[in-house]
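*Asks:* There's a structure below that I have some questions on.
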Amino acid sequence: MRDAPTRDQILDAAEGLFAAQGFARTTIKQIGREAGVNSALLYYYFGDKERLYHEVLQRLMAGLVERTMSQLQGEGDPVTRLRRFVAAQAEVLASRPTFPKLIMRELVDHDASHAVTQVRQLSATSFRRLCELVQEGQRAKVFRPDLDPRFAAVSIVAQLAHFFMAWPAVRVLLDARPALPPAETVRDFARHAAEFALAALLVPAGATARKTAPRTRSSR
């Protein structure tokens, strides 16, 4: 598509500025200057700043959903697919360092009001499929049946999200200097997060289940 490079330039510039400054402090003029295009072109493509912001969020969320869904729907048992899901989540967040910061700003500044559509998209795709993966493991008697699949899915996702969002503090705890998580550290933490989740999910050897997990909307 002939116009795609210019549109992507604008989205890239907007993503960086929104993440660094927030929605309110970022202007169309700043985005145009950062993208190297006339501000009028932003209005031509996106209409206004709020629609541009939604497009930025949509692009980020679509990339995350596409990458993680491919791992959740692939071949392999629940344990294998969960490990692949966590690794894919880590890859996406590491490849888009502005993503975690932008989402954190949206949560703090706007209570996710601008991202309702994107969160619903996530809920209907990757999050729902992750819940179903936990349920699949429960039916196979591999995962503990007393865990709520929704809460388990939130816990699985939250580990990587927190690691990236809190990196300025985490790097102090880890005595690490880089402003962004190094690739090796990301890989190591992703493996840790997957094994940490599985340690909570897996039925201990020789254990007997005490009760069945509550039925959730994703199982209906």
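The values are calculated or read from the model by the stated rules, or taken from the named source; none is laboratory data. Keep in mind it's a predicted model, so treat the numbers as computed, not measured. We place every Cβ from the backbone using ideal geometry, glycine too, and count neighbours over all the protein chains shown.
*Asks:* Given the options A176, A124, name the one that is at pLDDT below 95 and either in the same structural domain as D77 (by TED's automatic domain parsing) or small (G, A, S) (or both).
*Replies:* Answer to the selection: A176.
*Asks:* Against the conditions (1) under 24 Å from A190 (Cβ atoms); (2) in contact with a Leu (Cβ under 7 Å, 6 or more places away or on another chain), where does T26 fall short? Just the number, please.
*Replies:* (1)
*Asks:* Considering only the range 77-155, give the helices (runs of 4 or more DSSP H) lying wholly within it that have at least 2 residues that are in contact with a His (Cβ under 9 Å, 6 or more places away or on another chain) and of a type in the set (S, T, N, Q).
*Replies:* Passing ranges, in order: 116-122.
*Asks:* Any chance the range 138-150 includes a residue that's surrounded by 14 or more Cβ atoms within 10 Å (Cβ to Cβ), over 15 Å from R83 (Cα atoms) and free of Cβ contacts under 8 Å to residues at least 60 places away in the same chain?
*Replies:* Looking for residues that are surrounded by 14 or more Cβ atoms within 10 Å (Cβ to Cβ), over 15 Å from R83 (Cα atoms) and free of Cβ contacts under 8 Å to residues at least 60 places away in the same chain, one finds none in the range 138-150, hence no.
*Asks:* Could you please tell me which pairs satisfy a Cβ distance under 6 Å, a separation of 6+ or placement on different chains, a first residue in the range 176-189 that is of a type outside the set (D, E), and a second residue that is outside any loop (DSSP other than H, G, I, E, B)?
*Replies:* P181/W167; V186/A90; V186/A94; F189/F163
Matching residues to (1) touching a Gly at 6+ places or on another chain (Cβ under 7 Å); (2) under 30 Å from R128 (Cβ atoms); (3) outside the structural domain of R105 (by TED's automatic domain parsing):
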residue	(1), (2), (3)
I10	no, no, yes
A35	no, no, yes
L42	yes, no, yes
T68	no, yes, no
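*Asks:* A further question follows. Considering each residue of the range 164-179, count those that are under 12 Å from P97 (Cα atoms) and touching a helix residue (DSSP H, G or I) at 6+ places or on another chain (Cβ under 7 Å), and give that number.
*Replies:* Count: 2.
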